[in-house]
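The values are calculated or read from the model by the stated rules, or taken from the named source; none is laboratory data. Fair warning: this is a prediction, and the values are worked out from it, not measured in the lab. Cβ coordinates were reconstructed from backbone atoms using ideal geometry, including for glycine residues, and neighbour counts include every protein chain displayed.
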Amino acid sequence: MKDGLSKLEIDLDAVEKVVAKKGFKGRFDMYSWGRHDSLDEHKPAGRNFCGTAACLAGWLAICGKHEFKGNWRAEWYNPTHSHLHPVGYDGPFSYRSDGYITMAMEVYGLSVPDVRLLFCSGFDKSLKVKLREARRFIARKRTERKGADE
C-alpha cells in the first residue's frame, strides 16, 4: 500500500503530464478550487483544458490518479461543468468550502499545517513553480521521517 507522500508524488506526475502536453491551455488560480469558463458546452478536459483554471489542490483533483477516501470527492458542478467543488456524501448532498483540506488530509495523510503550506500559499506563483515546491516539500518530509526513524 502506498503512503500518502507516494500518492501525492503520483498525482503531481499526472498534473505535470497534462501541463506538459502541447497546446495545454489551463490556467493556475490560487483563488479558485476549480472553474471552467467557456462560451460553448465542451467539458473541462476538452480542448486541452481551454477555459479551465484551478489551484494546486484543484489540479490534483482534476488530474490525479487517487480516489478520495471516505465520503469526499471532487466533481464538476452544474450542467455546464463551470465549477469544481469538494462534495461530501456524509448524509445529504452537501458542498463544503473546507473540503479540499479534509480531502488532502485523507488522501495524502497530511496535517492541517502541511495542507495549508501546500495549498493555501503562493498566490503569486505559477503552477509550474507550485509543482516544484510540492516536490521539495515531499523530499523534505521524507528526510524528516527518515531522521525520526533513526
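When you scan the stretch 94-101, do you find a residue that is modelled with pLDDT of 65 or more, in contact with a helix residue (DSSP H, G or I) (Cβ under 6 Å, 6 or more places away or on another chain) and surrounded by 18 or more Cβ atoms within 10 Å (Cβ to Cβ), even just one?
Yes, because at least one residue in the stretch 94-101 is modelled with pLDDT of 65 or more, in contact with a helix residue (DSSP H, G or I) (Cβ under 6 Å, 6 or more places away or on another chain) and surrounded by 18 or more Cβ atoms within 10 Å (Cβ to Cβ).
(1) assigned to a helix (DSSP H, G or I); (2) of a type in the set (D, E); (3) modelled with pLDDT under 70: which one isn't true of E67, the others all being true?
In the conditions (1) assigned to a helix (DSSP H, G or I); (2) of a type in the set (D, E); (3) modelled with pLDDT under 70, E67 misses (1) alone.
Identify, by number, the condition in (1) modelled with pLDDT of 70 or more; (2) surrounded by 14 or more Cβ atoms within 10 Å (Cβ to Cβ); (3) in a loop (DSSP other than H, G, I, E, B) that V107 doesn't meet.
(3)
Between residues in the stretch 1-22 that are more than 10 Å from K65 (Cβ to Cβ) and residues that are polar (S, T, N, Q), which pairs lie under 6 Å by C-beta distance while being six or more apart or on different chains?
Short answer, once both residue conditions are applied: none.
Among (1) modelled with pLDDT of 85 or more; (2) of a type in the set (A, V, I, L, M, F, W, C); (3) within 14 Å of the chain's Cα centre (by Cα), there is one condition W72 misses while meeting the rest; what is its number?
Result: W72 passes all but (1).
Could you please let me know if D114 is acidic (D, E) and modelled with pLDDT of 85 or more?
It is true that D114 is acidic (D, E) and modelled with pLDDT of 85 or more.
What are the residues in the stretch 3-18 that are among the aliphatic types (A, V, I, L, M) and more than 16 Å from A54 (Cβ to Cβ), if any?
Hits for the stretch 3-18 are L5, L8, I10.
Look through R142, R135 and report the one residue that is closer than 21 Å to F28 by Cα, modelled with pLDDT of 80 or more and surrounded by 13 or more Cβ atoms within 10 Å (Cβ to Cβ).
R135
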